[in-house]
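I have placed the structure first, in the form of structure tokens, so that the comments after it can refer back to it.
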Amino acid sequence: MRIIGGECRGRRLASVGKGDAGAHLRPTADRVRESLFNMLAGGFGDPCRGAVVLDLFAGTGALGLEALSRGAGRATFVENGRVALRLLRDNIGICRVAERTRVVQRDARKLGECPGDAATLVFLDPPYGRQMGEAALEAALAGGWIAEGALIVWEESAGVSAPEGLTLLDERRYGDTVIRIFENG
């Protein structure tokens with residue numbers, strides 16, 4: 001697993017290894033991540049440039065770190081898995097972006113109020129098939145974590161029920177992974 005583009009291009013991220021079976025660590029494959037960021041750049045301008053990123057169910061942080069590498073201003077990673085948090089912190093160090101990141105050790109479904117600027121680009125990669133994405137997105141919207149007009153990239157294997165107020169802009173399948181891009185508002 002590596003960063004695909006931008007200032008950190010080519011940096012190898014910490015290996016998941018055997019991971020943590022209970023945490024359902026499933027990093028987005030390099031090829032899918034590359035397709036996703038090409039889709040964002042090709043169809044939505046340059047949403048990474050200067051973005052405030054929110055990476056929910058961050059896992060290794062690969063999506064948020066890719067956005068930082070491609071010009072995002074800062075990123076908040078929300079994760080509560082022990083192994084994932086270790087990998088996430090290792091990867092932030094590998095990419096040398098600690099001053100532009102914040103790690104929130106919390107269940108993404110219980111965010112509370114946003115302590116800073118609302119995100120303009122959101123990555124949502126919950127454990128597949130457990131309807132955790134819907135709850136996390138509801139919590140993020142209710143807590144003011146997501147700005148009006150923000151793009152939300154939701155990775156899931158099955159159908160999703162997006163909260164009211166989100167508009168589906170694009171949907172693509174990569175094997176058992178479906179990437180959906182929504183706009184808030």
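Where a number appears in this text, it was derived from the coordinates with a stated rule and is not lab data. For clarity, every value in this text was computed on a predicted model and none was experimentally measured. Every residue, glycine among them, receives a Cβ derived from its backbone with ideal geometry; neighbour counts consider all protein chains shown.
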At R0 = 22 Å the Cβ-Cβ FRET efficiency linking Glu34 and Leu169, nearest 0.05, sits at 0.70
Expected output is a single nm value to one decimal: the length gained when fully extending between Arg86 and Glu183, i.e. 0.36 nm times separation in residues minus the C-alpha distance. What is it? 31.8 nm
Given H placed on each backbone N at 1.01 Å, which residues far from Leu169 in sequence or on other chains put an amide H within less than 5 Å of it? Ile181, Phe182, Glu183
Can you tell me the FRET efficiency between Asp107 and Asp46 if r is taken as the Cβ-Cβ distance and R0 is 35 Å, rounded to the nearest 0.05? 0.65
Counting only DSSP beta bridges with both residues in the chain, what percent are antiparallel, rounded to the nearest 5? 45
Expressed as a whole-number percentage, the relative contact order of region 114-170 with C-alpha contacts under 8 angstrom and at least six residues apart is 47
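Under a Cβ-only charge scheme (Lys and Arg +1, Asp and Glu -1), can you give me the dipole magnitude of the chain about the Cα centre, in debye to the nearest 20?
860
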Overall form of region 36-185 per C-alpha gyration tensor (a/c, 1.5; a/b vs b/c): rounded
Most fluctuating residue given options Ala119, Ala41, Ala75, as computed from a GNM of the chain linking Cα atoms under 10 Å: Ala41
Output the relative contact order of the chain, whole-number percent, from Cα pairs under 8 angstrom with separation of 6+ residues. 18
Once the dipole of the chain is set up with Lys and Arg at +1 and Asp and Glu at -1 on Cβ about the Cα centre, which of Pro115, Gly59, Asn91 lies farthest towards its positive end? Asn91
Quick one: order Phe44, Phe77 by neighbouring beta-carbon count within 10 Å, fewest to most. Phe44, Phe77
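At a 10 Å Cβ-Cβ cut-off, how would you order Trp145, Trp154, fewest neighbours first? Display every interim value, and only then the final one.
Values: Trp145 28, Trp154 24.
Lowest count first: Trp154, Trp145.
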Considering Cα pairs under 8 angstrom that are at least six residues apart, work out the relative contact order of region 81-185 and quote it in whole percent. 23
Between Arg96 and Ala158, how many nm apart are label points set 7 Å from Cα along the C-beta direction? 4.4
Determine, for Ser161, Ser35, Ser15, Ser69, the number of other Cβ atoms within 10 Å of each Cβ, and report the residues in order from fewest to most. Ser161, Ser15, Ser35, Ser69
What helices in the chain pass both tests, a Cα length along the helix axis of 30 Å or more and a mean Kyte hydropathy of -1.0 or higher, using whole DSSP H runs? none
Just how far, in whole angstrom, is region 159-185 from region 70-131 if you go by their alpha carbon centroids? 20
Which listed residue (Gly5, Leu40, Gly149) has the Cα farthest towards the positive end of the charge dipole for the chain, taking +1 on Lys and Arg C-beta and -1 on Asp and Glu C-beta about the Cα centre? Gly5
